[in-house]
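Enquirer: This structure is in C-alpha cells; I'll ask about it shortly.
The values are calculated or read from the model by the stated rules, or taken from the named source; none is laboratory data. Computed from a predicted model, the values in this text were never measured in an experiment. Please note: Cβ atoms are built from the backbone with ideal geometry, for glycine as well, and neighbour counts cover all protein chains shown. Note: accessible area is taken over every heavy atom of the protein model, side chains too, but ligands, DNA and RNA are not part of it. Shrake-Rupley method; radii C 1.70, N 1.55, O 1.52, S 1.80 Å.
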Amino acid sequence: MTLCLILLSVVALTAALPAPRALTRAEWPEREPVVALWVWQCLVATVLLCCLTALVLGAAAVFHTVRAQVFAPAPPAVTEAYDLSTAPVWASVLTLLLACGAAWTTAMLARELVEARRRRGRTRAHLRERAPDLPAGLPSARGPLLVLEDDYPDAWWMPGHPPQLIVTTGALHRLTSLQLDAVLTHERDHARAHHDWLLHLSTALATGFPRIPLFAHFCDQTHRLVELAADDTASRRCGHLTTALALIELNQHRGVLSCASSHRLLGERVDRLLQPPPRLLRRQRALTTTVAALVPLLPLLITFAPGLTALG
C-alpha cells in the first residue's frame, strides 16, 4: 500500500504542477482547441482519480470497516498483497487531508451548480418580463429561439430546461444573414458540446483550490478554448472572414479591438479568424487524443496492480 500511495502522489503532483505549465506554454492548443480541451480534462481526471484511489486505500488501511467493505469480494491473497494490517502515521494524515479535500470539492461543485441554477432562474424571469407569454388562444412563442426587442446587438445560448437561443433585434438588424448563421452556429456548438458543464466544473475547482496550478489554468484555458472551438465550428460552416465580421459587429461597441485585458480575448479571436493557424495533422490529433485518454488509467493501474499480481 505504501508504494501505491507514493506512486499515486507522484502522478498527481506531476499532473497538477509541471504538466499544466507546459501545456499553457505550448502553441498547438490554439490550433486544436477541441483536442486541448480534451487534454485538460484528462489531466484533471488523472489528479482526481489519484486522490480518490489514494483516499480509498488510505481509508482501508486506517479503518477496518472500510477495509472489510472494499475487499469483501476479494480473495485473501489480494488483501494480503496490499499489506493493510498497519498504516504509517503519514498515511493516516494523508487520508484525513484527502477526505477533507473530497468534501470541499463536493461542496464547491454543489455551490457552483446551485448558483448557476439561481442565475438561470433570474435570467428567465427577466426574459419573461421582456417577452411575456401570449394570451390564451394564440400560439406559444416559447421555443428554442427567442427574439428580443432590443437595439443592443447580442446573442447568447441559455442552457437549462428547455435550452434557448436568444437573439436581439439589434443583432438581426446589424448582421447579414450569413453572419447571423455564423453566430447561431457558434452558440449551438456551445450547447452541443455542453460547454456550460465544463465551465461549471473548472470554475468550481478553481474556486475551491485557487493555489493549485492545474485547476487555476484549467479554468482560464477552458473559458478561452470553448470560445475558440465554437469559432472554429462557425468558421468551417460559414467561413473565417464571415465569422470574424460577425464577431466584430456584435462586439465593436464593447471595444473588441481594444488592448484592454478584459477585451483581449475578443481581439485574439478576431486575429485568429482573420489569420487561421494551420491545424495539426490527423495522425497528430489522433495520437494526442489517445495518449491523453490513457493518462487517467495510470492511477487505476497503480491501484489494481498489487491485486492483479496476486491473482496472477
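Enquirer: Please list Y82, Y152 from largest to smallest accessible area, probe radius 1.4 Å, with all protein chains kept in place.
Expert: Working: Y82 10, Y152 100 Å².
Heavy-atom accessible area, descending, gives Y152, Y82.
Enquirer: Separate question: Each residue of the range 265-279 in order: what ³J(HN,Hα) in whole Hz does its phi give by Karplus 6.51 cos²θ - 1.76 cosθ + 1.60, θ = phi - 60°, with x for Gly and Pro?
Expert: 4, 4, x, 5, 5, 5, 4, 5, 6, 6, 10, x, x, x, 6
Enquirer: Okay, moving on. Could you sort W156, W40, W104 by their accessible area in this structure, using a 1.4 Å probe and putting the largest first?
Expert: W104, W156, W40
Enquirer: Measure out, as a whole number of angstrom, how far apart the alpha-carbon centroids of the range 1-53 and the range 180-201 sit.
Expert: So the two Cα centres are separated by 25 Å.
Enquirer: Whose amide H sits under 5 Å from the amide H of L148, counting only residues 5 or more places off or on another chain, with H placed in the peptide plane?
Expert: HN-HN under 5 Å from L148: V167, T168, T169.
Enquirer: Quantify, in whole percent, the carbon and sulfur part of the accessible surface of the chain (1.4 Å probe; protein heavy atoms only).
Expert: Details: 11130 of 17280 Å².
Solvent-exposed carbon and sulfur of the chain make up 64 percent of the total.
Enquirer: Give the ranking of H240, H173 by solvent-accessible surface, highest area first, calculated with a 1.4 Å probe. Spell out each step's value before the answer.
Expert: Details: H240 75, H173 150 Å².
Largest accessible area first, the list is H173, H240.
Enquirer: Please turn the phi angles of the range 34-39 into ³J(HN,Hα) values with the Karplus equation 6.51 cos²θ - 1.76 cosθ + 1.60 (θ = phi - 60°), one per residue in order, whole Hz, x for glycine and proline.
Expert: Each residue of the range 34-39 in turn: 5, 5, 4, 4, 5, 5 Hz.
Enquirer: Residue farthest toward the positive end of the dipole of the range 18-149, with Cβ of Lys/Arg at +1 and Asp/Glu at -1: which of L148, A61, P20?
Expert: L148
Enquirer: Could you state how much accessible area S85 has, in square angstrom rounded to the nearest 10, with a 1.4 Å probe and all protein chains kept in place?
Expert: 90 Å²
Enquirer: Could you compute how much accessible surface F63 exposes when probed at 1.4 Å, giving the result in Å² to the nearest 10?
Expert: 110 Å²
Enquirer: Output the 0 to 90 degree angle, nearest 10, between the alpha-carbon long axis of helix 240-251 and the longest principal axis computed from the alpha carbons of the chain.
Expert: With rounding to tens, the tilt is 80 degrees.
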